[in-house]
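Values quoted throughout were computed directly from the atomic coordinates according to the rules given, and no laboratory measurement underlies them. If you're wondering where the values come from, they're calculated on a predicted model, not measured in any experiment. Virtual Cβ from ideal backbone geometry, glycine too; neighbours counted across all protein chains shown.
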Amino acid sequence: EVVSATQQAKRAEDRCEATDHALQSSQQAIEEVRSELSSFMDEQRIFCGFLDTEQRSYQELVRQEVSALSRLVDASLRENVRSSGSRSSSPEAVRIATAGGRGSLSLDE
């Protein structure tokens, strides 16, 4: 019985050591994954910042183009009104038609 109790104690001790080793390995793996995830999240924050900046830049360019086109259309309309002023006493009507998804501007006299 003494030998049996000693063997059981040895087996229990071996199991505890194996469990401790497995626990340490698991904790190390968890820390590695946590570190990789943290790095990935940091990279994604930077990437999203770049995308946000690019989107804002694109929107600003579109605003500038729309503004420039609006000024061009306004100038063109004013010139047409001046040149047709002697022909007609009524102001010109502006008609916007959609063709194939794009707007087109035409003047009706």
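Please give the FRET efficiency for THR53 paired with SER83, using the beta carbon to beta carbon distance and R0 = 41 Å, rounded to the nearest 0.05. All intermediate terms of the calculation are to be shown ahead of the outcome.
On the way: r = 45 Å, r/R0 = 1.10.
Between THR53 and SER83 the formula returns 0.35.
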*Roughly how many nanometres apart are two label points built 7 Å out from the Cα toward the Cβ at VAL62 and ILE46?*
2.8 nm
